[in-house]
């Protein structure tokens with residue numbers, strides 16, 4: 001694992017303290033973001049060996065632009081998953097180095113996939129909910145729960161049997177990341193992991209930590225506006241309270257991500273232990289993001305939300321992106337994981 005740089009005594013959550021050189025922001029451009037992600041494939045493949053490089057890369061993307069990061073993160077996750085599976089041959093579905101991937105693993109009532117064996121290999125039919133960028137990425141990894149051999153499969157999205165029904169998006173947050181159900185009809189598929197492998201592999205927990213790293217990067221960029229404002233004019237005590245509050249929570253979030261990277265590299269984040277590390281890290285980072293959105297909003301007032309397009313879009317994007325964290329339900333799950341670990345001591 002490459003060591004994180006020694007932080008300065010100042011705001012260690014500022015991007016210049018941890019940003020990865022050469023990882024450029026692609027503002028609001030999902031196609032450009034996917035191209036950038038494709039070029040970062042080696043970082044994703046090396047997740048287990050150098051987890052901090054992976055998490056710092058995702059945080060850097062998040063600090064640059066959350067829409068772009070939201071497009072890039074699933075592709076990097078897919079590359080890491082395929083590497084864990086031994087990089088299966090995806091030639092049957094036309095996937096290669098130029099391909100881009102989504103990861104469609106959400107479960108929803110009435111939306112299931114079924115796999116059936118045919119003379120030329122597995123084929124998938126059914127509906128998958130909450131599929132992002134189905135008309136933009138070339139392929140996807142999908143979880144299949146029914147049929148001959150349930151498990152994780154790679155599928156092409158340009159096949160005639162794929163019908164993407166992108167839903168209307170009322171929110172301004174992550175508006176460019178089109179999301180909706182996709183129906184598959186007799187679509188060729190390549191097995192990646194059988195049965196419950198997708199959920200049971202160590203990297204399942206690590207994927208969730210990666211998403212938290214993106215959140216952190218976005219929150220750090222939002223908080224940076226508060227620090228910049230304080231530098232332009234002498235802050236009063238209330239402004240100093242806002243600054244102190246965001247510094248405290250973001251410092252804790254950064255330390256939590258670094259500790260997660262250390263645990264992954266040390267082999268201490270597999271199985272139940274990995275689930276606990278991921279749940280705890282996501283909770284710390286999600287709480288920090290909520291606090292940052294509140295404190296920066298209170299500290300800066302309406303002006304940047306109404307006159308600063310980049311800031312307003314970043315706040316909207318982060319607000320939507322954070323809802324991948326299920327608030328009290330995820331906190332309850334964390335409590336359950338902690339009790340299970342204690343019982344096993």
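Values quoted throughout were computed directly from the atomic coordinates according to the rules given, and no laboratory measurement underlies them. Predicted, not measured: the structure shown is a model, and the values here were computed from it. Here the Cβ positions follow ideal geometry from the backbone for every residue, glycine too, while neighbour counts run over all protein chains shown.
Quick one: Debye curve from the alpha-carbon atoms of the chain only, equal weights, vacuum; give me log10 I(q)/I(0) at q = 0.07, 0.09 Å⁻¹ to two decimals. Log10 of I(q)/I(0), two decimals: -0.30, -0.49. Sorted largest first, the spans of the alpha carbon positions of the stretch 162-224 along the three principal axes are 48, 34, 13 Å. The modelled label-to-label distance for the pair residue 306/residue 331, using points 7 Å beyond Cα in the direction of Cβ, is 3.3 nm. Applying 0.36 nm per residue to the separation of residue 111 and residue 186 and subtracting their alpha-carbon distance, the gain on full extension is 25.4 nm. Computed on the Cα atoms alone, the convex hull of the stretch 29-73 gives a volume of 51 cubic angstrom per residue.
When the chain is treated as a GNM with alpha-carbon contacts under 10 Å, the residue of 214, 31, 238 showing the greatest mean-square fluctuation is 238. From the Cα gyration tensor of the stretch 82-146, with a ≥ b ≥ c the square roots of its eigenvalues, which class applies: rounded if a/c is under 1.5, or else prolate if a/b is larger than b/c, or else oblate? Verdict is oblate for the stretch 82-146.
Report, to the nearest 10°, how far helix 309-321 tilts away from the longest principal axis of the Cα atoms in the chain, using its own Cα long axis and a range of 0 to 90°. The helix 309-321 is inclined about 50 degrees to the chain. Can you tell me which of 330, 236, 287 moves the most in a GNM of the chain? Springs connect C-alpha atoms under 10 Å apart. Taking springs between Cα atoms under 10 Å, the residue moving most is 236.
Fewest neighbouring Cβ atoms within 10 Å first, the residues 307, 298, 242 line up as 307, 298, 242. Extending 7 Å from the Cα toward the beta-carbon at both residue 294 and residue 119 defines two label points whose distance is 6.4 nm.
Normalised by 2.2 N^0.38 Å, where N is the number of residues, the C-alpha radius of gyration of the stretch 231-315 stands at 1.40.
Overall dimensions of the stretch 190-345, expressed as equivalent-ellipsoid semi-axes from the Cα gyration tensor (√(5λ), whole Å, largest first), are 34, 17, 13.
The helix-only estimate of mean residue ellipticity at 222 nm for the chain, built from DSSP H runs of length n ≥ 4 each weighted as -39500 (n - 2.57), is -17000 deg cm²/dmol after division by the residue total. Rounded to the nearest 10 degrees, what's the angle between the helix 51-64 long axis and the longest principal axis of the chain, both from Cα atoms, 0 to 90? Tilt relative to the chain: about 70 degrees. Dimensions of the stretch 91-194 based on its C-alpha atoms, expressed as ranges along the principal axes with the largest first, amount to 45, 34, 23 Å.
Helix 237-265 and the longest principal axis of the C-alpha atoms of the chain enclose an angle of approximately 40°.
Pick out which of 88, 97, 134 has the largest mean-square fluctuation in a Gaussian network model of the chain, springs linking Cα atoms closer than 10 Å. Fluctuation is largest for 97.
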